[in-house]
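Notes for the one structure printed next.
The values are calculated or read from the model by the stated rules, or taken from the named source; none is laboratory data. Quick caveat: nothing in here was measured; it's all calculated off a predicted structure. Glycine also receives a Cβ, built like all others from the backbone with ideal geometry; neighbour counts cover every protein chain displayed. Remember, those area values only see protein heavy atoms, side chains included, never the ligands or the DNA or RNA. Shrake-Rupley method; radii C 1.70, N 1.55, O 1.52, S 1.80 Å.
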Amino acid sequence: MRHKMIPCLALLLLTACNPETAMNQERAAAEADVAQGGRGLAKLNPSPRKAYELVLRLKDAPGDFAVVEGVAQYDVTNEDQCGHIEPATGTAARITSQEPVELRKVADGEYRGTLYVDRMLDEDYYGRGVCKWEFTGAGAMLKATGAEEETRFLTFVDAKPLTEGGAHTLYYPDLVYPKADRVPNFPASGEPDRSNYAADLQDKLFTITLSASEVAP
């Protein structure tokens, strides 16, 4: 048994001491992380400075929401120069990251949190050039209690209208709160106009409004 272990140990030591092998393993792990919704090799900016207060307001909600989760999305603008090359196609993969924004309840139907438009760190992650990130939007997901079968009330606003101070309001039907019949974990994305719903639902709607304003870091 001892003789069999020595070559294995030598192989492990060789792998650990080979920078190229270690880098390939790191990239493989990063790609697996991306496939699971992680950020892979991308890093957070340790000193973000461009801050906005994200505000979520509810109106005429049919009940309480125990889960109110915010998210900010960031995308690389130059994946052709910096992105990981997919071996099967020879094209650069799109690099994106969604980072949580903690939304705190400050009053009935009102939640606030801080997002940073410079949350991601521009860096050479794949040895092909510096990846340049930009903030592309923010959103939220709400659930009545957090149970798996409950409706997910979803909203998202692109970066430009959000950072320019506009308020984004969507209408949602009371009918699917706290959950939709026969459709567990239903994703309710809302409508920008009340008239998009059937006439018999138009007086049974509530709204989610997202807005943001720049604040000092």
Odd one out for PRO173 among (1) touching a helix residue (DSSP H, G or I) at 6+ places or on another chain (Cβ under 7 Å); (2) at positive phi: (2)
Pair list, Cβ under 6 Å, 6 or more apart: segment 132-151 residue of a type in the set (Lys, Arg), other residue assigned to a loop (DSSP other than H, G, I, E, B) and open to solvent by less than 40 Å² (accessible area, probe 1.4 Å): LYS132/ASN78; LYS143/GLU150
All positions within segment 110-166 that are of a type in the set (Asp, Glu) and open to solvent by 20 Å² or more (accessible area, probe 1.4 Å): GLU110, ASP118, ASP122, GLU123, ASP124, GLU134, GLU148, GLU149, ASP158, GLU164
Of residues in segment 89-109 being in a loop (DSSP other than H, G, I, E, B) and at pLDDT 95 or above, the one most open to solvent (accessible area, probe 1.4 Å): ASP108
Residue tally, condition touching a residue at least 40 places away in the same chain (Cβ under 8 Å), part of a loop (DSSP other than H, G, I, E, B) and under 26 Å from ALA212 (Cα atoms), over segment 158-202: 3
